[in-house]
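The values are calculated or read from the model by the stated rules, or taken from the named source; none is laboratory data. Just so we're clear, the structure is a prediction, and the values are computed from it rather than from any experiment. Neighbour counts run over all protein chains shown; Cβ positions are idealised from the backbone, glycine included.
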Amino acid sequence: MTAIHDQAMHYIYQQVLERLLNHMSKAQRASLQLLIQRLLVAAGGPEYIGTLRLLVLQGSDRRSARLLAMLRAAQLSIALRAPVTFQLRVLVVSLPAADSATLQDHERSFSALFLQDDPRVQLQMIEGREVVPFSRQPSAAYERRLQARDALLIFGHLVDARPEALLGSRLHLELADAVGAALQAQAPADILVTAVPAHLRRRYLAWARRSLRLAGAQGPHRGHQCLATLSQGLGWLHGSVGGALEPQGEATAGVAAEDAPVRMFVIDDLLPHLLEGQQLDLMLGCGFAAAQDTWALAAFIDPSALAQLHELRARSLEPQAGRPALRLAGKPGGSRPADAQQMQFGKAYGINQTQLVCVLFSPFARQGKNLERFLQCRHADMLVALPYLHRALQGKTCPEAVKDWLVNTSGLPLAQLRAIYDGRLRLAAWRLMSNLAQRDIHLRWLPPGAAGRRRGAAGQP
């Protein structure tokens with residue numbers, strides 16, 4: 001029975017490979033042969049190809065889907081010529097969280113490549129800060145979201161609450177934290193493959209090194225030598241943003257084991273041909289937007305998240321008389337598609353819409369400078385309690401109901417709100433977070449915003 005099953009699977013894999021080759025141009029097929037040769041060299045020879053483990057970061061763009069198709073073609077081509085082939089680990093990434101349509105697009109591509117039932121392929125995805133098996137119906141536990149939730153709220157309240165900053169370069173720290181966990185698995189990858197071009201990888205590496213330096217990280221974060229070490233260092237930075245208000249000793253990031261460093265598999269000269277053409281898209285049933293292909297660094301980010309946050313911000317700043325009520329995440333009554341999208345964005349972090357609107361106003365920083373305006377715009381019934389709110393944030397006695405309102409509205413503990421109110425932020429943390437606020441998700445320069453105005457309020461010289 002096993003022999004019959006193996007023979008049937010071999011026939012199916014052969015059909016998949018033939019379909020792939022039929023949807024490739026002549027230049028793509030030639031580039032595929034070069035890719036196979038380089039994989040054999042990277043393994044140390046054909047006799048070691050069965051021990052080679054590849055990790056590919058699967059973004060929500062057509063470039064990532066085409067690269068995966070090429071790697072699958074290489075895997076199946078080697079399997080036809082040799083008794084074994086390399087192991088392929090696919091990590092689906094879409095931060096803050098992948099919506100159902102994106103997951104369906106990924107599943108459609110995986111099915112076309114017949115990846116689900118192949119023991120040589122491992123399909124995974126990022127949920128919160130953890131790596132879990134790929135599924136169309138993710139269900140991130142609260143513990144997985146806690147660190148990312150605190151990092152977003154503290155960053156927005158203390159440094160910069162603009163959507164481009166909240167969902168900007170800071171998200172790359174979240175990504176690195178999860179990828180670092182994937183690279184430290186029981187059977188870690190040997191090489192990482194990505195469709196991100198070389199000039200953007202260099203930009204990313206320069207940004208990463210600067211961020212580590214500004215945070216005062218000690219230890220060898222040699223990204224050009226080991227990607228696991230770099231990811232671990234950036235993951236430590238993500239944790240330091242979430243714990244920026246907590247007193248810490250000397251900043252020391254952990255160092256990944258370098259006995260078998262994880263390296264980048266460089267195929268930039270092959271990418272123009274490997275990733276060309278629409279024929280592969282037809283086979284894969286690729287439904288990803290063409291606009292995502294232009295921004296390779298943003299391929300791992302949910303494209304609708306920034307638009308949703310902008311819409312929420314615009315609605316919350318409208319005059320109250322002409323503004324529709326903003327509903328809490330998960331509360332009955334939000335049946336419109338826009339409400340459902342906003343609830344999905346907040347659900348990714350475990351934050352309801354009241355708390356999202358609160359962080360967009362940043363009412364507690366700089367001794368509550370924007371607190372009265374926030375109440376006038378969003379919570380007019382609390383204006384009579386404004387003196388008690390200040391007393392609670394100053395650590396003075398006040399009614400318990402006032403403290404509960406602050407915690408429920410902000411999503412942060414009272415101790416952290418008081419630290420935000422006083423601007424108690426370590427110098428290294430302030431440098432890191434200010435640097436993060438200066439770059440968007442593409443690592444392009446952002447015009448100075450709230451970060452530049454709050455320097456003195458953070459207790460810095």
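Of note:
- Only one entry in L200, L214 is under 22 Å from D150 (Cβ atoms), surrounded by fewer than 20 Cβ atoms within 10 Å (Cβ to Cβ) and either not assigned by TED's automatic domain parsing to the domain that holds G59 or not small (G, A, S) (or both), namely L214.
Yes/no per residue for (1) surrounded by fewer than 18 Cβ atoms within 10 Å (Cβ to Cβ); (2) at pLDDT below 90:
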residue	(1), (2)
L312	no, yes
A321	yes, yes
P324	yes, yes
L328	yes, yes
G368	no, no
R378	no, no
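- Residue within the stretch 17-30 that is in the same structural domain as A181 (by TED's automatic domain parsing), among the acidic types (D, E) and modelled with pLDDT of 95 or more present: yes
- Where A30 falls short, out of the listed (1) touching a residue at least 40 places away in the same chain (Cβ under 8 Å); (2) surrounded by 23 or more Cβ atoms within 10 Å (Cβ to Cβ): (2)
- Hey, R38 surrounded by fewer than 17 Cβ atoms within 10 Å (Cβ to Cβ), assigned to a helix (DSSP H, G or I) and in contact with a Cys (Cβ under 9 Å, 6 or more places away or on another chain) or not: no
- Every test in (1) in a loop (DSSP other than H, G, I, E, B); (2) at pLDDT below 90 is passed by A457 save one, and that test is (1).
- Options W445, W405; residue that is free of Cβ contacts under 8 Å to residues at least 40 places away in the same chain, within 30 Å of W236 (Cα to Cα) and not polar (S, T, N, Q): W445
- Within the stretch 74-110, considering residues that are in contact (Cβ under 8 Å) with a residue 40 or more places away in the chain and among the small types (G, A, S), the one surrounded by the most Cβ atoms within 10 Å (Cβ to Cβ): S109
- For beta carbons closer than 7 Å, sequence separation of 6+ or different chains, a first residue in the stretch 371-391 that is closer than 22 Å to R313 by Cβ and a second that is in a loop (DSSP other than H, G, I, E, B), the qualifying pairs are L371/P363; L371/F364; F374/P363.
Yes/no matrix, rows are residues, columns are (1) assigned to a loop (DSSP other than H, G, I, E, B); (2) on the phi > 0 side of the Ramachandran plot; (3) outside the structural domain of Q14 (by TED's automatic domain parsing); (4) modelled with pLDDT under 85:
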site	(1), (2), (3), (4)
Q116	yes, no, no, no
L123	no, no, no, no
Q137	yes, no, no, yes
I154	no, no, yes, no
H157	no, no, yes, no
D160	yes, no, yes, no
A165	no, no, yes, no
